[in-house]
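Student: Please see the structure below; I have some questions.
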Amino acid sequence: MLAIPAIAAVACLFLSANAARWTALIATFIDLALGIVLWTQFDIGGPQWQFVEQGVRLGFFGWDLGIDGFALLLIMLSVFLMPICIGASWRSVTNRVPEYMAAFLLTEVLMIGTFAAQDLFLFYLFFEAGLIPMYLIIGIWGGANRIYASYKFFLYTLLGSLLMLVAMLYMAGTAGTSSIPALQAYDFPADVQTWLWLAFFASFAVKMPMWPVHTWLPDAHVQAPTAGSVILAGVLLKLGGYGFLRFSLPMFPEASGQLTWLIFALSAVAVIYTSLVALVQADMKKLIAYSSVAHMAIVTIGLFAFNRQGIEGAMVMMLSHGLVSGALFLCVGVIYDRLHTREIARYGGLSINMPRYAILFLFFTMASIGLPGTSGFVAEFLALMGAYQISTWTALLCTTGIILGAAYMLYLYRRIAYGEITSDEVRGMSDLSTRELWLLAPIAAVVLWMGVYPESFMAPMRKDVAVLLQRIDRATPVSDSRPTAGNPAAAAAQAPEHHETPGEAH
Amino acid sequence: MDYAANLAMTLPEVVLGLGAVALMLVSAWGGPGSTRVVSWAAVAVLFGAAIALTGPAGSGGVAFDGLYRADAFSTFAKILIYIATAVAVLMAPGFFQRTSGDDLRPEYPVLLLLSAAGMGMMVSAADLLTLYVGLELQSLSAYVLASFMRRDARSAEAGLKYFVLGALASGILLYGISLVYGFSGTTQFDGIADVYGAGRSMGLLFGLVFIFAGIAFKMSAVPFHMWTPDVYEGAPTPVTAFFASAPKVAAIGLGIRVAIEAMGPALDQWRQIVIFAALASILLGAVAAIGQSNIKRLLAYSSINNVGFALIGLAAGTPEGVAGVLTYLAIYVAMTLGSFLVVLQMRDADGQPVESIVSLSGMSRTRPALAAAMAMFMFSLAGIPPLFGFYAKFAVFDAAVKAGLFPLAAVGIAASTIGAYYYLRVVKTMYFDEPAPAFVKGDEGPLQGGLIAVAAVIVSPLGYLTIPLLGAWSIAAARALF
């Protein structure tokens, strides 16, 4: 699975533009097929780590691969989005196609590797190496301000992950192993945990991205080519959440418990602040980028809720956001290809001459808002319900974020699709081509599937969530909303906000 | 121990010395026409010296009554030195062919051989006098090499600057040696270590500081780095490549030997110096490189930066730390020689060498393979995985963390982000900017291209396959010191 895109990437470099396109497409489809095989073979409820593959040890790290439910789902997300990305750049990328395709295939290898790595340093290797192809994708094929954006992207993420490397070195030195499953069972002293947790946090918070280190994301998104944005929003942002899930929570449960307030505070700020910022954006891609920050904040809240609903919700949120924001970027790409501007004000009335486009765009807008029946609803509902059990205030604040989310997404949609067509160039735009339809339709189908029957996606990770919960149970922070049984008056006096909980709970 | 056994142990230096003398005779009679023969003969001599390392010279122990030590550590360093010197010999003809006026004369390989002999002495020194003689042999050859293009004002300036400052550093070093000798009564490393172990005195401490200052000059660590950018810019490019590789290995190897063998008991004293030099080198090397517009100056600051990282391993003061430094040096030599080989390919339409970073613009379109190789070297120097340069940094930081030097590791790592910026700038220029006039292709045959390809393969992820070998070898070399 790793080898196919890697070989194809090298092959692409030596091929002509058209041959490179087809090679890349075929390679990504083979990987998608392998991913589906992987999913069907995955034994739900079986051992925690499956498809374990142990290779040579090279000094400090070993080639150890293996996946659990979380990794499986994120790998599926990657291989699913990849052919769509290649398809999206079929016509819009015309210069240096072989290098472009090679960079994308390389990204795919590194992403799958990151999710499947079972060794601390192998993980770091894949995690960090992903910067190089992305840097080139933004820098070579990006928009006008691409160089600034590519630097910012590279240096922000590099600084974060280097701190994580120091922590990793310490962990491997202390625990005497760099195997991730072994480290997940290793107990570090509580005071050390705090430092290690902060070092990992520095990396994952940038990757996530959490407020206030999110500023690289809008720049990178705006400047990246459409497919670059899709993969950035769809998969690379998930590395942060995956990191929290794989490292921060199980390896440093005490520190996670103690620092939950930090996560909640930053996330709550992110949800409200970035939603407000998104409201005033004049650039479509920027708007969606800010909405990504808001959605990822809900992921972090869910993860640090320390309960089943929260973690499963966060996980579904990651998948759902990967699909929905990827699709939204594709939607932007479709009209950008026609008019070559991302300015919202230049459009208007697209529902008149692009009805098919308008319908799909509306669907993804609704999914982003979290309309019941789409994946966004399942995700937000579960994550916030989990958070509610820990902190009513955070849940309250984040729910306002959802209302704001509806506001900015609907406002965006109104400006683009409704109203009268004001300019001739918009009138001349043609509806979706068959290729574009085939890019968007599969995503729409999966989003609906996830919204109507999320069980398919939750089943593979159920057992892993249970294992994780068992591990972090002892560090669960005290909830502010639940009075102790039999002593309600005293508890209510201690928790001033208690009195508003009954009303909210129903 | 009889004389033959002593000579057998110093065989590599004997081979190099005799080879250099013989080749000097050949060049004296053969004149400029013999350059080609002498060059290849010099490579053969270096190869012969490397072969000689497999004998008693590789692990023989102490020779000449404790003046000279042949162990796994010196073997490791010598192999690196010989490889780097051989590459410096091989890359020269293409460069000199095209520069107007000064042809490559057969003295060039001879001087390199002498320098290599001196460097071999440095990493094998077990006595302060051997140390000094080796250092001077290396330095004197290097001064001449720096001003090798006699008609070029910049080259002459580089040689003069190097000589004056180098003489000053030698003076400082010699003063330190005399202090240490005066207060300890011996020049042998073992004896000095005993005296340091027995107690402290102000004289010994001063001696230590002066010796480290002298060695820091040779390895161009901050604050003794001022000569580096000027000399690197002025010297002919093959010579610059040589300066950035082999003498660095020798100087750092010498520093390690002095620090661990002679002053091991005074770890707490010299550790402060090394930590300061390491952090200052990393920071200054990173910050000062940002403003450079000449690729050779940029690589000079990059070499200062890299010395800082290597010193982090020494600061750990453990066998793992020393092994980390050796690993770092091995990978650094591949990266830096590779970058300079690419720089050698930069020529304008008239065949004259160009050195500005701007002239690299858009090289990914005009010379895609060369640009890809350069991008790999740059990412590798920045320490971005999956390139092999990452493992180099990993090895030294691992040692530092294991020795409990968390602040050092954290600051060093944070500073490497600054360093990443200017390496990225080179990549940006090559890949994102509009193409400048293409460089003309050289006609020196497949040799240079082949060398670049070899260096690129070493820094590519394939390099990780060598880790079991490199790791075992470097740790064995490091243990020889403790």
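The values are calculated or read from the model by the stated rules, or taken from the named source; none is laboratory data. Being a predicted model, the structure only gives us computed values, none of them experimental. Reconstructed Cβ throughout: ideal geometry from the backbone, glycine too, with neighbour counts over all protein chains shown. Accessible surface areas use protein heavy atoms only, side chains included; no ligands, DNA or RNA. Shrake-Rupley method; radii C 1.70, N 1.55, O 1.52, S 1.80 Å.
Student: Give the stretch A:243-287 a look and list any residue that's acidic (Asp, Glu) and either assigned to a helix (DSSP H, G or I) or open to solvent by less than 10 Å² (accessible area, probe 1.4 Å) (or both), or say none.
Tutor: Listed by number, the list holds a single entry, A:254.
Student: Could I ask something else about it? Note down all Cβ pairs under 7 Å where the first residue falls in the stretch A:137-150 and is at the interface with chain B (Cβ under 7 Å from one of its Cβ atoms), the second is open to solvent by 30 Å² or more (accessible area, probe 1.4 Å), and they're at least six residues apart or on different chains.
Tutor: Once the first residue is at the interface with chain B (Cβ under 7 Å from one of its Cβ atoms) and sits in the stretch A:137-150, its partners that are open to solvent by 30 Å² or more (accessible area, probe 1.4 Å) give A:139/A:146; A:139/A:147; A:139/B:428; A:139/B:431; A:140/A:96; A:140/B:431; A:147/B:428.
Student: Find the residue count for the stretch B:41-58, including only residues that are surrounded by fewer than 15 Cβ atoms within 10 Å (Cβ to Cβ), out of contact with any Leu (no Cβ under 7 Å at 6 or more places or on another chain) and either more than 21 Å from residue B:246 (Cα to Cα) or modelled with pLDDT under 90 (or both).
Tutor: Residues meeting the conditions: 2.
Student: Count, please, the residues in the stretch B:320-330 that happen to be over 17 Å from residue B:275 (Cα atoms) and either surrounded by fewer than 24 Cβ atoms within 10 Å (Cβ to Cβ) or of a type in the set (A, V, I, L, M, F, W, C) (or both).
Tutor: 4
Student: Does residue B:383 satisfy the criteria of being on the phi > 0 side of the Ramachandran plot and in contact (Cβ under 8 Å) with a residue 12 or more places away in the chain?
Tutor: yes
Student: List, please: which pairs have Cβ atoms under 7 Å, are six or more places apart or on different chains, and start with a residue in the stretch B:152-167 that is closer than 21 Å to residue B:216 by Cβ and end with one that is part of a loop (DSSP other than H, G, I, E, B)?
Tutor: Pairs that qualify, where the first residue is closer than 21 Å to residue B:216 by Cβ and the partner is part of a loop (DSSP other than H, G, I, E, B), are B:158/B:147; B:158/B:235.
Student: Go through the stretch A:119-136 and report how many residues are within 10 Å of another protein chain (Cβ to nearest Cβ) and within 21 Å of residue B:422 (Cβ to Cβ).
Tutor: 6
Student: How many residues, within the stretch A:102-132, are polar (S, T, N, Q) and open to solvent by less than 10 Å² (accessible area, probe 1.4 Å)?
Tutor: Pass one, the stretch A:102-132, residues polar (S, T, N, Q): A:107, A:114, A:118.
Then drop every residue that is not open to solvent by less than 10 Å² (accessible area, probe 1.4 Å), which leaves A:107, A:114.
Qualifying residue count, the stretch A:102-132: 2.
Student: State whether one or more residues within the stretch B:163-177 are polar (S, T, N, Q), closer than 24 Å to residue B:273 by Cβ, part of a helix (DSSP H, G or I) and under 19 Å from the mean Cα position of the chain (by Cα).
Tutor: Yes, because at least one residue in the stretch B:163-177 is polar (S, T, N, Q), closer than 24 Å to residue B:273 by Cβ, part of a helix (DSSP H, G or I) and under 19 Å from the mean Cα position of the chain (by Cα).
Student: Okay, next question. If I go through the stretch B:443-475 residue by residue, how many of them are open to solvent by 40 Å² or more (accessible area, probe 1.4 Å) and within 14 Å of another protein chain (Cβ to nearest Cβ)?
Tutor: Residues meeting the conditions: 10.
Student: Conditions first: (1) small (Gly, Ala, Ser); (2) under 14 Å from the mean Cα position of the chain (by Cα); (3) within 20 Å of residue A:88 (Cα to Cα). Residue A:227 passes all but one, so which condition is the exception?
Tutor: Every condition holds for residue A:227 apart from (2).
Student: Please determine whether any residue of the stretch B:308-319 is farther than 15 Å from residue B:237 by Cβ and outside any helix (DSSP H, G or I).
Tutor: Yes.
Student: Right, another one. Residue A:176 is checked against (1) facing chain B (nearest Cβ under 9 Å); (2) surrounded by fewer than 23 Cβ atoms within 10 Å (Cβ to Cβ) and fails just one. What number does that condition carry?
Tutor: Among (1) facing chain B (nearest Cβ under 9 Å); (2) surrounded by fewer than 23 Cβ atoms within 10 Å (Cβ to Cβ), residue A:176 violates only (1).
Student: Right, residue A:169: open to solvent by 20 Å² or more (accessible area, probe 1.4 Å), facing chain B (nearest Cβ under 10 Å) and assigned to a helix (DSSP H, G or I) or not?
Tutor: Against the criterion (open to solvent by 20 Å² or more (accessible area, probe 1.4 Å), facing chain B (nearest Cβ under 10 Å) and assigned to a helix (DSSP H, G or I)), residue A:169 does not qualify.
Student: Could you go through the stretch A:236-249 and let me know if any residue there is of a type in the set (A, V, I, L, M) and more than 20 Å from residue A:81 (Cβ to Cβ).
Tutor: yes
Student: Mind counting the residues in the stretch B:405-424 that are more than 10 Å from chain A (Cβ to nearest Cβ) and among the hydroxyl-bearing types (Ser, Thr, Tyr)?
Tutor: Residues in the stretch B:405-424 being more than 10 Å from chain A (Cβ to nearest Cβ) and among the hydroxyl-bearing types (Ser, Thr, Tyr): 2 in total.
Student: Separate question: Which count do you get for residues in the stretch B:371-404 that are surrounded by fewer than 22 Cβ atoms within 10 Å (Cβ to Cβ) and either more than 8 Å from chain A (Cβ to nearest Cβ) or touching a strand residue (DSSP E or B) at 6+ places or on another chain (Cβ under 6 Å) (or both)?
Tutor: 4
Student: Something else now. Can you tell me which of (1) touching a residue at least 24 places away in the same chain (Cβ under 8 Å); (2) under 20 Å from the mean Cα position of the chain (by Cα); (3) open to solvent by 20 Å² or more (accessible area, probe 1.4 Å) is the one residue B:242 doesn't meet?
Tutor: (3) is the only condition that residue B:242 fails.
Student: Right, something else. Assuming residue B:268 fulfils every condition listed in (1) within 30 Å of residue B:85 (Cβ to Cβ); (2) out of contact with any Leu (no Cβ under 7 Å at 6 or more places or on another chain) apart from one, which condition is it?
Tutor: Just one mismatch for residue B:268, condition (1).
This table checks each residue for (1) outside any loop (DSSP other than H, G, I, E, B); (2) touching a Ser or Thr at 6+ places or on another chain (Cβ under 6 Å); (3) touching a residue at least 24 places away in the same chain (Cβ under 8 Å).
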{"residue": "A:301", "(1), (2), (3)": "yes, yes, yes"}
{"residue": "A:310", "(1), (2), (3)": "yes, no, yes"}
{"residue": "A:313", "(1), (2), (3)": "yes, no, yes"}
{"residue": "A:319", "(1), (2), (3)": "yes, no, yes"}
{"residue": "A:332", "(1), (2), (3)": "yes, no, yes"}
{"residue": "A:359", "(1), (2), (3)": "yes, no, no"}
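Student: Considering the stretch A:76-101 alone, what residues qualify as being within 14 Å of chain B (Cβ to nearest Cβ) and either within 19 Å of residue A:238 (Cα to Cα) or open to solvent by less than 10 Å² (accessible area, probe 1.4 Å) (or both)?
Tutor: Correct list: A:97, A:100.
Student: Among the listed residues B:307, B:333, B:343, which satisfies the condition of being open to solvent by less than 10 Å² (accessible area, probe 1.4 Å) and either more than 16 Å from the chain's Cα centre (by Cα) or at pLDDT below 90 (or both)?
Tutor: After ruling out the rest, the residue left standing is B:343.
Student: Let me ask something else. Can you tell me which of (1) open to solvent by 10 Å² or more (accessible area, probe 1.4 Å); (2) within 12 Å of the chain's Cα centre (by Cα) is the one residue B:291 doesn't meet?
Tutor: (2)
Student: Looking at the stretch A:371-419, which of its residues are part of a helix (DSSP H, G or I), farther than 26 Å from residue A:449 by Cα and of a type in the set (S, T, N, Q)?
Tutor: A:389, A:392, A:394, A:400
Student: Does residue A:237 satisfy the condition of being in contact (Cβ under 8 Å) with a residue 40 or more places away in the chain and either more than 14 Å from every other protein chain (Cβ to nearest Cβ) or surrounded by 24 or more Cβ atoms within 10 Å (Cβ to Cβ) (or both)? Walk me through how you get there before you give the answer.
Tutor: Values: in contact (Cβ under 8 Å) with a residue 40 or more places away in the chain: yes; either more than 14 Å from every other protein chain (Cβ to nearest Cβ) or surrounded by 24 or more Cβ atoms within 10 Å (Cβ to Cβ) (or both): yes.
The answer is yes for residue A:237.
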